[in-house]
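J.: Please read through the structure below; I'll follow up with questions.
The values are calculated or read from the model by the stated rules, or taken from the named source; none is laboratory data. Computed from a predicted model, the values in this text were never measured in an experiment. Heads up, the Cβs are rebuilt from the backbone with ideal geometry, glycines too, and the neighbour counts pull from every protein chain shown. Please note that ligands, DNA and RNA were not included when accessible areas were found on the heavy atoms of the full protein model with its side chains. Shrake-Rupley method; radii C 1.70, N 1.55, O 1.52, S 1.80 Å.
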Number of protein chains: 6
Amino acid sequence: MKTLFLEQDIKYDGTQLAPHWIYKNFKIQCDAIIAFKGECEVKLSEMVDIEDVLNNEPIYSKLMLHFISEQFNVGLVEGVLRQRLLICIIKEALEKRGITVQRNGDDLFVGRKKLTVSIATKSLTSILIHTGINIDAAGAPVVACGLSDLGINDIEAIAKEIMTCYSNEIDDIILATTKVNGLWK
Amino acid sequence: MKTLFLEQDIKYDGTQLAPHWIYKNFKIQCDAIIAFKGECEVKLSEMVDIEDVLNNEPIYSKLMLHFISEQFNVGLVEGVLRQRLLICIIKEALEKRGITVQRNGDDLFVGRKKLTVSIATKSLTSILIHTGINIDAAGAPVVACGLSDLGINDIEAIAKEIMTCYSNEIDDIILATTKVNGLWK
Amino acid sequence: MKTLFLEQDIKYDGTQLAPHWIYKNFKIQCDAIIAFKGECEVKLSEMVDIEDVLNNEPIYSKLMLHFISEQFNVGLVEGVLRQRLLICIIKEALEKRGITVQRNGDDLFVGRKKLTVSIATKSLTSILIHTGINIDAAGAPVVACGLSDLGINDIEAIAKEIMTCYSNEIDDIILATTKVNGLWK
Amino acid sequence: MKTLFLEQDIKYDGTQLAPHWIYKNFKIQCDAIIAFKGECEVKLSEMVDIEDVLNNEPIYSKLMLHFISEQFNVGLVEGVLRQRLLICIIKEALEKRGITVQRNGDDLFVGRKKLTVSIATKSLTSILIHTGINIDAAGAPVVACGLSDLGINDIEAIAKEIMTCYSNEIDDIILATTKVNGLWK
Amino acid sequence: MKTLFLEQDIKYDGTQLAPHWIYKNFKIQCDAIIAFKGECEVKLSEMVDIEDVLNNEPIYSKLMLHFISEQFNVGLVEGVLRQRLLICIIKEALEKRGITVQRNGDDLFVGRKKLTVSIATKSLTSILIHTGINIDAAGAPVVACGLSDLGINDIEAIAKEIMTCYSNEIDDIILATTKVNGLWK
Amino acid sequence: MKTLFLEQDIKYDGTQLAPHWIYKNFKIQCDAIIAFKGECEVKLSEMVDIEDVLNNEPIYSKLMLHFISEQFNVGLVEGVLRQRLLICIIKEALEKRGITVQRNGDDLFVGRKKLTVSIATKSLTSILIHTGINIDAAGAPVVACGLSDLGINDIEAIAKEIMTCYSNEIDDIILATTKVNGLWK
C-alpha cells in the first residue's frame, strides 16, 4: 500500500470518497492511503452513511486531518474490518503521545468528546474508507474535541506515522496468512 | 457469536485449535468464542505457526487465560483481521483497568514484557483463532509478564468482558455493511 | 433475518426493488424480508428482468401479496438459490392449505394458471428478491389465478407464515454449514 | 451437470461421499449427480454430520435409492442451498406420483414417517451431497417409510427424473444470473 | 461459452462494452464472445481505462476486428487473467499463419508496431473484455500495423478460430479444476 | 512474488508440490516461484492429477528444469489461469531464442514432441503449480524433446528470465484491476 501526505489543504465534502479519486488526482495506481488537512462539511445529499441521513445528521468540523484509503479486490465485510484496524492504529498513535482515547466501533473519544468520524463502503472494484480526525472541532454538531485541544500540533508527523503503521500492518496481515498450517482435524 | 467461560481449567497443548472442538466438547454449534484458564505447552509438532517451528520456538506458560474462537464461512485474510480485532479489544479491556499496553501486530506487551501469544488459521469450513494471555508467565521462553503481575485477579470477569465486546463488535461490523450506499463514481 | 408485514397497501411498480429500500422506509437495518399487499404494475423501463424487456412483457396484476427481501454480502448465484427456496416455501404454505401447486423454476402454477412473478438481482452490497403472489389476478397479461380464487383470504396470516419459515430456514442453512466434517479423501 | 443411474447396487457406508469418487469410479469428470440402489449403513466413525455423532445416531436402512452429487468451485453455504433444492425436487417428483410429502429442512416425511437422510459438506475443491430415499426402511432407527410402502416401484424412472430436473434447474439458476440488470439505487 | 461472428460491421465507440450488450442485441444469454469488424473510435469520455484518460490517449483505428466477451459471476482479477489468455490465443492464431508476434501484457506487437488494444473491466454481475486487432491501422495515434499489412485477409476465419480456441480453453480450465487431488501436507 | 533459482539439483518426485514447501526449505514466506534442475519421477501414488492416475501414466524425465510456485489466498479456477499464463510465458521465452513452440492447454510441444509437464492444485491456504521443462527427455514415457535438443544450454538464464517475466506479469495483472472504471450500464 502506498502512502502520501498532501501539503495543500482540501475541503472534504464527501465527493473525495470516490473510486479512483486518489489515482485520478495523485497518480497513485494501487492500494493507497493518503492524508490531508481541511474543513469538513458533508451534506446529507453526499452522505454514504444512510444511518446519518435517516437521523438527519450532517457532518461538520472546522479543520480535520483526513485519511482516504482505497483498497482493491476486497469485499465489504473485510473492508469494514480494515477500517476498524485503521481506527485502532490512530488510537495507538495518540497513546504514544500520552493521550488516553476510548474506541467505540469506528469512533474515537477523548473522555466524552468525539474526536473522529469514519465510514467504509464499496465501489465496483474496491472498498473505500474515509476517516477524519478533528484538529479544530469548532462547529461540530456533537460534543467534540480536536488534536489542537490535545496539544498535538505536528499534524504531518502523526499523519505519516499512522499511514506507515497502517500500511505495514496490512502487509503483515497478508504475510500472516502465508505461514500457518491449515487444520485437518 | 456465542460466548462461554469454562469453569474448569484445561491445559492448552495445541490440540484444542481444531475444527468443531468447541461444538464437540461444549455443544455450541455456530460462530463462538470460549475462554478457559490453564497451563500452556505447545510442542513444535503441534504448532500451526510454521515461523515458530522454523525458529525452534515452542510455547510455554505456567498459567494462561485462553480464548478459542471458531468462525465459519470466512477466508483467512478476513480471519487474521478478526484476530487483530480481538487483540485490540483485549488491549482495551486492560486499559480500562489502568494498564498501559503496546500492541505489535498480534502480540501485546507491557513495557518490554510479552503478555500474549496468538495465531489464526483455517480449516475446510472455518477460521480458528487462539489467543493466550499470561496469568503467571513462569517458564515462558521469552521475557514475559502475566495478569497477576499487573494486579488483575478477576480472570473470569475480564474474560467475559472481552468475549462480550468481541461478539458485539463482530455483529456491529456486519451491521455496518448494511447501511452504506455503494459508490458509483 | 428480520420479517415485517406492512398494514398499508403499496402499489408495486419496480422502484421498491432497490438497495436499502427496506432500511430507508422501515428502519430495518439487516437482512430482511417484508410483505405487503398492493396493485402490481411494472413498466418495461423499470424492469430488472431483461428477458421480459426483450419479449416486451410488462407485468400487471390488480392485487398481489408482495415480498421484498434484501440480503447483504451474498453473490448472485447464491441469491438466485435463496429466491428458489422462497418459492418452494410459498408452495409449501399453499400445500398446508390444501392447494396443489406446480413449481417451474421461480414460477408457481395452479393447474395451468400462473400464480406468481419473481426476480432476484444484485446491488453493490446485497442481493434483492421480489416475489408477488396474485390475490386478484385481474388484468394479468397471461392466464393467471389468485389466492382469492383458491379460497385463501387471510393474506396476513399466510404472509407471516411464509416469512417466518423463510427466515428460519436461512438460519438453519447457515447452521448446517457449522456441523459437518470436511472431507480430505 | 452430468447424470448417471448405476445398474448395479452399491452398499452405502459413507466412504462414497468423497472427493472425486464419481470421477475415479465412473469417469465422469465434471459437476455430476449419480444414483444407485443399495443398503445404507453409516457407522459413527464414517459420519460427516457431527450432530448425529454427538447424538449417537448411526444411520441404517435395508434398501435406499442413493444420490451422490459433487459440484466444484462452490462454497459450503451455496452447497447447502443446492442440497435443499435437491430435496425440494425429490418432493416434487413424489407429488407428481400423488404422494403428499412434508419437508423439514433437508428431511422429507410422509405423515410422521421419515423418508430420507441427507448431508452436504465440503472438500478442498468441491461440495458433496448425499441424499438417500428409503425404498425398504426395515431396520431404520426412527419411524420411517419407503418408496415401496408408497407404491413406487420404478426406482430407475424416478431417479432419472429427479436427476434430470436437478441438473436442468442448476443450469437454469446460473442462466438466471445472466439476464438481470444490477441495481444502482 | 457461446461464440458469434457478426456479418455486419459495427463502429466501436466504447458503448458496446456494456453489461448485457451481447444479450440485448444478439439474444445470447450466457457467457459469450462475439466478433465483428468496424472502425474504432473511443473518445476520452467513453474510456474505461483511466490510465489512457490521464495520459490523454484516445483510441482510433480505421478498421479493426473487434472481440467483446461477457462472462458472469467472475471477479476482476480473474477477469484480467481471462483477458490475458485471449491475447495469448490471438498471438497463437497469428503464429499459425506464420506471423511472429510479441506480447507485452495485454498488447500485441509485430516488430515495434502495435497490433491491438484491449481492456477488461467489471459490471455488477459480470466481467467484460474488449480486444481490437487492427485490420487497417490508418489514423492510429501510435506506430501500428494491421492484419492487412500482415497478409491476413480472411478476417472471418481467424475470428472464428480465435473464438473457438478461447471458448474451448475456458471450458478446459474449468475442467482442470475437477481432476486434481487437493494437498493436505 | 519472490523468485529464486536453486544452485543445487533436486529430484522431483511430487512431494515438493506441498503447501509451504518453499517457505520451510528456503525461508521465502510469501507468494513465490522457484526453479531448480533435477530428475523427474512421479509415481502414481504421489500424483495430484487423477486423470494421469486413471490412465496409469506415471511421469519420468532424466533431467528437467522445474518450477514450483505457491500463491496464497487464490481460488483454484484462478490458480489454473495463473498456471496457463506461466506456460505462455515459457513459450515466449523459447520464442525469443528462436524456437517455435505449440501450446495445447498446459502442455508445450516442439513439433510433435512434448516438452513440458504441468499441474495446478489447491491447499487449504494457497494454490500450487508445478511445471517441468525437459532438459534431457531420456526415459520419458511419450515422444518428447528437451532444451538440450533445442540448443538451449544456459538453463539458469532462461529460468530466471521466465520467473522474472511471470512475477512481473502477475503484478501487472493486479495493477490492471486498479485502473478501470466499472460499468453501470
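J.: Here are C:Glu78, C:Glu92: which of them is within 13 Å of chain D (Cβ to nearest Cβ), in contact (Cβ under 8 Å) with a residue 40 or more places away in the chain and touching a helix residue (DSSP H, G or I) at 6+ places or on another chain (Cβ under 6 Å)?
T.: C:Glu78
J.: Moving on. Out of all the residues in segment B:43-93, which are among the small types (Gly, Ala, Ser) and either at pLDDT 95 or above or closer than 18 Å to B:Asn134 by Cβ (or both)? Please lay out each step first, then the result.
T.: As a first pass, look at segment B:43-93 and keep what is among the small types (Gly, Ala, Ser): B:45, B:61, B:69, B:75, B:79, B:93.
Answer for segment B:43-93, where residues must be among the small types (Gly, Ala, Ser) and either at pLDDT 95 or above or closer than 18 Å to B:Asn134 by Cβ (or both): B:Ser61, B:Ser69, B:Gly75, B:Gly79, B:Ala93.
J.: Using the structure shown, decide if D:Asn153 is outside any loop (DSSP other than H, G, I, E, B), modelled with pLDDT of 95 or more and open to solvent by 60 Å² or more (accessible area, probe 1.4 Å).
T.: In short, no.
J.: Here's another thing I want to ask about it. Just wondering, is there one or more residues in segment E:84-92 that are more than 17 Å from the chain's Cα centre (by Cα) and closer than 27 Å to F:Asp106 by Cα?
T.: no
J.: Among (1) assigned to a helix (DSSP H, G or I); (2) open to solvent by 10 Å² or more (accessible area, probe 1.4 Å), which single condition is D:Leu81 missing?
T.: It is condition (2) that D:Leu81 fails.
J.: Of the conditions (1) closer than 21 Å to A:Lys2 by Cβ; (2) without any contact (Cβ under 8 Å) to a residue 60 or more places away in the chain, A:His130 fails just one. Which one is it?
T.: Among (1) closer than 21 Å to A:Lys2 by Cβ; (2) without any contact (Cβ under 8 Å) to a residue 60 or more places away in the chain, the lone unmet condition for A:His130 is (2).
J.: Further question on the same structure: Can you tell me how many residues within segment E:50-73 are open to solvent by 20 Å² or more (accessible area, probe 1.4 Å) and more than 24 Å from E:Glu161 (Cβ to Cβ)? Quick ask: steps written out before the conclusion?
T.: First, the residues of segment E:50-73 that are open to solvent by 20 Å² or more (accessible area, probe 1.4 Å): E:51-60, E:62-63, E:73.
Next, only the ones that are more than 24 Å from E:Glu161 (Cβ to Cβ) stay: E:51-60, E:73.
Number satisfying all stated conditions: 11.
J.: Can you pull out the residues in segment A:38-49 that are open to solvent by 60 Å² or more (accessible area, probe 1.4 Å) and small (Gly, Ala, Ser)?
T.: The one that is open to solvent by 60 Å² or more (accessible area, probe 1.4 Å) and small (Gly, Ala, Ser): A:Ser45.
J.: Let me ask another. Answer yes or no: is there a residue in segment E:29-46 that is under 24 Å from E:Leu4 (Cα atoms), within 14 Å of chain D (Cβ to nearest Cβ) and in contact with a Pro (Cβ under 8 Å, 6 or more places away or on another chain).
T.: Checked segment E:29-46: no residue is under 24 Å from E:Leu4 (Cα atoms), within 14 Å of chain D (Cβ to nearest Cβ) and in contact with a Pro (Cβ under 8 Å, 6 or more places away or on another chain).
J.: Out of all the residues in segment E:130-163, which are polar (S, T, N, Q) and away from every other protein chain (no Cβ under 14 Å)?
T.: Correct list: E:Asn134, E:Ser148, E:Asn153.
J.: For A:Gln29, all conditions in the list (1) assigned to a loop (DSSP other than H, G, I, E, B); (2) under 29 Å from A:Asn153 (Cα atoms) hold save one; what is the number of the exception?
T.: (2)
J.: So, C:Glu7, is that one out of contact with any strand residue (DSSP E or B) (no Cβ under 6 Å at 6 or more places or on another chain) and away from chain D (no Cβ under 13 Å) or not?
T.: Here the answer is yes, as C:Glu7 does meet what is asked.
J.: Quick check: is even one residue across segment F:64-73 in contact (Cβ under 8 Å) with a residue 24 or more places away in the chain and assigned to a helix (DSSP H, G or I)?
T.: No: zero hits.
J.: Ok, one more. Inspect all residues belonging to segment F:27-37 and state whether any of them is without any contact (Cβ under 8 Å) to a residue 60 or more places away in the chain and under 23 Å from F:Gln102 (Cα atoms).
T.: The answer is no; no qualifying residue exists.
J.: Could you give me the residue pairs with C-beta distances under 6 Å whose first residue belongs to segment F:135-161 and is among the basic types (Lys, Arg), whose second residue is open to solvent by 10 Å² or more (accessible area, probe 1.4 Å) wherever it lies, and which are 6+ apart or on separate chains?
T.: Listed pairs, sorted by first residue: F:Lys160/F:Phe5.
J.: Condition first: more than 7 Å from every other protein chain (Cβ to nearest Cβ), in a loop (DSSP other than H, G, I, E, B) and buried (at least 21 other Cβ atoms within 10 Å of the Cβ). Now tell me which residues in segment F:107-129 satisfy that.
T.: Across segment F:107-129, the qualifying residue is only F:Leu115.
J.: Restrict the check to segment C:76-83 and report whether at least one residue is farther than 24 Å from D:Cys88 by Cβ and among the basic types (Lys, Arg).
T.: No; the residues of segment C:76-83 include none that is farther than 24 Å from D:Cys88 by Cβ and among the basic types (Lys, Arg).
J.: Would you point out the residue of segment E:95-106, among those that are of a type outside the set (D, E, K, R) and closer than 14 Å to F:Cys88 by Cβ, that is nearest to the other protein chains (Cβ to nearest Cβ)?
T.: Of everything passing the filter in segment E:95-106, E:Gly105 is nearest to the other protein chains (Cβ to nearest Cβ).
J.: With touching a Cys at 6+ places or on another chain (Cβ under 8 Å), modelled with pLDDT of 95 or more, surrounded by fewer than 20 Cβ atoms within 10 Å (Cβ to Cβ) and over 27 Å from D:Gly75 (Cα atoms) as the only criterion, which of F:Lys2, F:Lys96, F:Lys27 stands out?
T.: Matching residue, one of F:Lys2, F:Lys96, F:Lys27: F:Lys2.
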